[in-house]
Every structure is written in C-alpha cells, then in structure tokens.
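Please treat every number below as a calculation from the coordinates, not as lab data. Given the structure is predicted, the values throughout are model-derived calculations rather than measurements. Note that each Cβ is placed from the backbone with ideal geometry, even for glycine, and that neighbours are counted across all protein chains shown.
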C-alpha cells in the first residue's frame, strides 16, 4: 500500500500543471513597429501569428521581422501570456519543434527594450514590444492592440 501511495504522489508531482501566473503582477506592454509601417492596429491573434511566424508578410508585401526579449524577461512572460495565451516555456517548446522539423527559426532575441526599439527603428518590417511605461525614441510607433 505504501508503494502505491508513493507512486501516486510522484506521478501527481511530475504531472502537476505549472502554477498559474497572476495577470495583475505582469507588466503591461506596448507593441511597436517601424514608423514607415502603414499598420495602425492588430489583434492579439494576428500578433501571435506574426511572432510564431505563421504570417510572414505585411499587406504591402514586405517581410515581417518580429523581435523578442530574452526568455527570462518578465515582460516576455507577460507578452506570451497575454498574446499567445501560453508561457514562455511553452513557446520555446513550440520553437524547438519547428527548428527540429526544419520549418522555421524563432525571432531574434534582444537583451533590453532599448535593443528592441533600435531593431524596430532600423528594420522597416520589424515588430516588437516594450513596457507600457517605456520612453520610445526613434522612428517607431505604437500599435493599437485589439482583442
């Protein structure tokens, strides 16, 4: 009986879902694009598809260039939870499968929000995200994000 109990406890612990993250504690973010981009708003679903590279071209035919923050960034976790409805770990798992199958590679990762803004400012097809409280300088604009 003791052995069965131990097996059940171990199975439960290994199969237990990750703790839910309190959305109130996650930082707010803004989605940015190069100021030459004609798009003014996108839905969360469209943004998710862009960052998962399921949509690859803007309406004018130019190539989309998403840029991410490092995986350990709390802002990236907030973005993944809000836009993809999944954790950073889940998104990284998605990219491992895509890379292994030879279908696609993930967006480049930047260490800071300043680097994200610089990347977006330097690339007409770029799209990224920064904290809502960030001061944005350079040729970038904030998109309206719809549900």
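Couple of notes before you dig in:
- Ordering 49-59, 114-124 by mean Cβ neighbour count within 10 Å, with the highest value first, yields 114-124, 49-59.
- Applying 1/(1 + (r/R0)^6) with R0 = 30 Å to the Cβ-Cβ distance of residue 133 and residue 101 gives a FRET efficiency near 0.20.
- Per-selection Rg to Rh, the stretch 48-120 - Cα, Kirkwood hydrodynamic radius: 0.96
- Model label sites at residue 86 and residue 35, defined 7 Å from Cα along the beta-carbon direction, differ in position by 3.6 nm.
- The packing ranking, built from the mean of other Cβ atoms within 10 Å per residue, places the peptides 64-76, 96-108 in the order 64-76, 96-108, highest first.
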